[in-house]
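K.L.:
Handing you this structure, nothing more for now.
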Amino acid sequence: MCGLYHPGDAVHRVLVIGGGGREHGIVRSLMRSRRNPEVLCAPGNAGIEKDRVECLELAVEDIDGIVGAATEREVDLVVVGPEAPLVAGLVDALREAGVRAFGPSAAAARVEGSKRYAKELMRELGIPTAAYTVLRSRREALDQIPCASYPAVLKADSLAAGKGVIVCEDEPAARAAVEEFFTERRFGHTEVVLEEFLDGEEISLLALCDGERAVPMAPAQDYKRIFDGDEGPNTGGMGSYSPVPGISADHAHALARAVHQPVVDEMRKRGCPYHGVLYAGLMMTADGPKVLEYNCRFGDPETQAVLPRLRSDLLDLLESSTRPGGLADRQMEWASEWAVTVVLASRGYPESSSSGDEIRGLRSIDSLEVEVLHAATAEQDGHIVTAGGRVLNVTGIGGTPGEARDRAYAAADRIQFDGKQMRRDIAARAVDHVEV
Ligand code: AMP
Ligand code: GLY
């Protein structure tokens, strides 16, 4: 079916920046576009390459290299996956070079780049969030620790790949965390936010923003801890599912009006209109939803469960988001099915990771109804091997959460590599909620 496009709207060549499961999911979704774009990726991974997508050897931090490649290759749209290049100004540099880019400017990306900035923004706008205080030094932290109530949460102000949050059960744990932040400098030279602990169900609600409005996507739930039962340290995310029981489309729109739209309005007033994804991590507390964090990009692994359910054309949506008010007459249609994504991680993750372990069994699942997205994989002597912490994502789709989950695990169990780690309880909450 043909859409109605103005001549200037044509997007033929898209460059996706990043090399994780999220980017593989974005690539796949763009390849399903009825506009049939040529998709490139930088740096990509072994799975993206296997999809016959040209992968450019460029690091996501290499702003000059990316701008150069986008110009030279006459890329029509750059889609930026990870937060670090957004916070570092990649979208600004691309726009200056005349290249259309999906994602916020560095000024707008501060909602993720600085926890303190986000907390101050929420306070000014009256957006519900945990009570907090900012600790600028070890001395200040040690003064505040005895006054906190426990559990309490300590967060690095700066980017930390989802690992800079420590939930402290008691005062001694908080003292130990202070040393990690201020003495060991585990997350570099950073201020720390000390926050009230919030209890409840967590949801991830991502919205596409066009500088003027925030349009919510389907809600998802993410599993942040490494072990079953939400035990162990935080990771980048060990699994996800979508939709979320109890969060209807109307509810998602109401949440977006309460927590996304005020940010978009304010950023516009501040002269840095918000374009791209605004991700709100929400805790559904007994006192109502509260924002845990904003991210300036698609979630990983939420994207891997959300995009397979999108029935609208992702390319249309991303391209429209780059134009002021461009989403005004765009609708997002979602499949009624459930999607469950299980992350396969390598030995040592999240503290470390292992590379070079051969991944076996990938071919044996070709016939199963799952989507396998690569993250930290590489090709070595004709074999696919691990190349970092989160290695693969397996997404099952089904008419019920249980069916989707069973499909994901049936496939995930067939994939083997030394040191493979995966949680066994992804989507258990949805299965219990919907199927009891
Ligand atoms: P953040 O990067 O701020 O989203 O934090 C990562 C994860 O830590 C969240 O997804 C929550 O699981 C947990 N977390 C962060 N802040 C809090 C809080 N105030 N209360 C309880 N858990 C939290
Ligand atoms: N899954 C959490 C994140 O993308 O930040």
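K.L.:
Report the paramagnetic label zone for residue 96: residues of region 65-80 whose backbone N is under 13 Å from a point 7 Å from Cα along the Cα-to-Cβ axis.
P.N.:
Inside the label zone: 65, 67-68.
K.L.:
Could you give the size of the charge dipole of the chain about its Cα centre, using +1 on the Cβ of each K and R and -1 on the Cβ of each D and E, expressed in debye and rounded to the nearest 20? Provide the component values of the computation, followed by the final result.
P.N.:
Details: 48 positive and 68 negative charges, 93 e Å.
Charge dipole of the chain: 440 debye, to the nearest 20.
K.L.:
May I pose another question? Grab the Cα-Cα distance for residue 332 and residue 311, subtract it from 0.36 nm times how many residues apart they are, and report the gain in nm with one decimal. Please report the intermediate quantities before stating the final value.
P.N.:
Values: separation 21, 0.36 × 21 = 7.56 nm, distance 0.74 nm.
Full extension from residue 332 to residue 311 adds 6.8 nm.
K.L.:
Under a Cβ-Cβ cut-off of 13 Å, what is the net charge of the residues other than residue 223 that fall near it, where Lys and Arg count +1 and Asp and Glu count -1?
P.N.:
Working: positive: 224, 225, 390, 405, 423, 424, 429; negative: 201, 202, 222, 228, 230, 231, 300, 302, 425.
Result for the neighbourhood of residue 223: -2.
K.L.:
Let me ask you something else. Could you give each residue of region 286-296 its phi-based ³J(HN,Hα) in whole Hz, using Karplus coefficients 6.51, -1.76, 1.60 with θ = phi - 60°, and x for Gly or Pro?
P.N.:
These are the phi-based 3J(HN,Hα) values: 4, 8, x, x, 10, 7, 7, 6, 10, 10, 9 Hz.
K.L.:
Residue farthest toward the positive end of the dipole of the chain, with Cβ of Lys/Arg at +1 and Asp/Glu at -1: which of 408, 129, 101?
P.N.:
Final value for the positive-end residue is 101.
K.L.:
Fully extended, how many nm does the chain gain between residue 147 and residue 227 (0.36 nm per residue separation, minus their Cα-Cα distance)? Present the calculation step by step, with values, prior to reporting the outcome.
P.N.:
Values: separation 80, 0.36 × 80 = 28.80 nm, distance 3.10 nm.
Roughly 25.7 nm would be gained on extension.
K.L.:
Please return the longest range in the chain lying between exposed loop sites, taking GluC sites (Glu not before Pro), DSSP loop only, at most 10 other beta-carbon atoms within 10 Å, and leaving the sites out.
P.N.:
Working: sites that count: 57, 74, 184, 333, 351.
Looking at the chain, 185-332 is the longest stretch - no exposed GluC sites (Glu not before Pro) with at most 10 other Cβ atoms within 10 Å.
K.L.:
Something else: Does the chain come out rounded, prolate or oblate, given a ≥ b ≥ c as the square roots of the eigenvalues of its C-alpha gyration tensor, rounded meaning a/c under 1.5 and, failing that, prolate meaning a/b above b/c?
P.N.:
On the way: a/c = 1.37, a/b = 1.15, b/c = 1.19.
Note, shape of the chain comes out rounded.
K.L.:
So, one more: When the helices in the chain are scored as -39500 (n - 2.57) per DSSP H run of 4 or longer and the sum is shared across all residues, what 222 nm value do you end up with, to the nearest 500 deg cm²/dmol?
P.N.:
Here the helix-only value at 222 nm equals -7500 deg cm²/dmol.
K.L.:
For a label point 7 angstrom out from the Cα of residue 183 toward its Cβ, which stretches of region 149-177 have the backbone nitrogen within less than 15 Å?
P.N.:
Hits in region 149-177 for residue 183 at 15 Å: 172-177.
K.L.:
About its Cα centre, how strong a charge dipole does region 39-156 have in debye, to the nearest 20, once Lys and Arg get +1 and Asp and Glu get -1 at the Cβ? Each step should come with its number before you reach the end.
P.N.:
Details: 14 positive and 18 negative charges, 169 e Å.
Using Cβ point charges on Lys, Arg, Asp and Glu, region 39-156 gives about 820 debye.
K.L.:
In the chain, if the dipole is taken from +1 on Lys/Arg beta carbons and -1 on Asp/Glu beta carbons about the Cα centre, which of 152, 254, 325 is farthest to the positive end?
P.N.:
After comparing all options, I get 325.
K.L.:
Same structure again: Can you grab the distance from the C-alpha centre of region 372-387 to the C-alpha centre of region 283-356, Å, no decimals?
P.N.:
About 23 Å separates the Cα centre of region 372-387 from the one of region 283-356.
K.L.:
Shifting gears a bit: About its Cα centre, what dipole magnitude does region 327-400 give when the only charges are +1 on Lys and Arg Cβ and -1 on Asp and Glu Cβ, stated in debye to the nearest 20?
P.N.:
Values: 5 positive and 11 negative charges, 40 e Å.
For this selection, approximately 200 debye.
K.L.:
How far apart, in nm, are two points set 7 Å out from the Cα along the Cα-to-Cβ line at residue 176 and at residue 358?
P.N.:
Taking the simple label geometry, residue 176 and residue 358 are separated by 4.0 nm.
K.L.:
Once R0 is set to 30 Å, what does the formula 1/(1 + (r/R0)^6) return for the Cβ-Cβ distance between residue 161 and residue 57, expressed as a FRET efficiency to the nearest 0.05? Write out the running numbers ahead of the final one.
P.N.:
Working: r = 22 Å, r/R0 = 0.74.
E(calc), rounded to 0.05, equals 0.85.
K.L.:
Around residue 425, with a cut-off of 12 angstrom between Cβ atoms, what is the net charge of the other residues, counting Lys and Arg +1 and Asp and Glu -1?
P.N.:
Numbers: positive: 225, 405, 423, 424, 429; negative: 228, 230, 231, 432.
Result for the neighbourhood of residue 425: +1.
K.L.:
How about residue 155: which lysines have a C-alpha closer than 23 Å to its C-alpha, ignoring those fewer than 8 places off in the same chain?
P.N.:
List returned: 115, 119, 163, 224, 290.
Computed from the coordinates by the stated procedures, all read-outs in this text should not be read as laboratory data. Just so you know, these numbers come straight off a predicted model, no measurement behind them. With ideal geometry, Cβ positions are generated from the backbone for all residues, glycine too; neighbour counts draw on all protein chains shown.
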